[in-house]
Amino acid sequence: MQFTTEEFGDVSDIDANDLVRVLDEDAFGSFAVLSSSDDDFIQAGNHWAPGEACEAFLARHDSDPWILEYRDSRTGKQYQATRDVTLAEAKQAFLSYLRGSSDWRRQFEWSEIDV
């Protein structure tokens, strides 16, 4: 698996400990992508914007809002979680994806997006 972030670039053959360390540092930038191929990945992007909605999310969850997406190589379709997620939720989804589990898909509602 390859792990890519804005600040650290590409890391090949990432393991769970390194993934957790990078995401816990919260200095990786505004996005992270974990991919098994160019056509199969999970990604998170920071969705912070000035305003009341973001401030309320931060106050409720002690986290910026994040957009969580994945691309399914079998169908060629890309999906986005229907709600903002916390960084902790994104981290758990990344760890599940890294383990090869599909549990992360059941934790969220998804909608197909055009890319």
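Inspect the stretch 41-57 for any residue being polar (S, T, N, Q), closer than 15 Å to PHE108 by Cα and within 14 Å of the chain's Cα centre (by Cα) and give the result as yes or no. Yes, there is a match, as at least one residue in the stretch 41-57 is polar (S, T, N, Q), closer than 15 Å to PHE108 by Cα and within 14 Å of the chain's Cα centre (by Cα). When you look at ALA16, is it buried (at least 17 other Cβ atoms within 10 Å of the Cβ) and either in contact with an Asp or Glu (Cβ under 8 Å, 6 or more places away or on another chain) or at pLDDT 95 or above (or both), yes or no? Taking the combined requirement at face value, the residue does not satisfy it.
Within the stretch 25-115, considering only helices (runs of 4 or more DSSP H) that don't extend past its boundaries, which have at least 1 residues that are surrounded by 12 or more Cβ atoms within 10 Å (Cβ to Cβ), in contact with a helix residue (DSSP H, G or I) (Cβ under 7 Å, 6 or more places away or on another chain) and without any contact (Cβ under 8 Å) to a residue 40 or more places away in the chain? Spell out how you get there, then give the answer.
Numbers: elements: 52-61, 87-99, 103-106.
Result: 87-99, 103-106.
Within the stretch 66-87, being of a type in the set (D, E, K, R) and under 10 Å from the mean Cα position of the chain (by Cα) holds for one residue alone: GLU69. Just wondering, is there one or more residues in the stretch 27-50 that are at pLDDT 95 or above and charged (D, E, K, R)? Taking every residue of the stretch 27-50 in turn, at least one turns out to be at pLDDT 95 or above and charged (D, E, K, R).
The values are calculated or read from the model by the stated rules, or taken from the named source; none is laboratory data. Just so we're clear, the structure is a prediction, and the values are computed from it rather than from any experiment. A quick note on method: Cβ atoms are made from the backbone with ideal geometry, for glycine too, and the neighbour counts reach across all protein chains shown.
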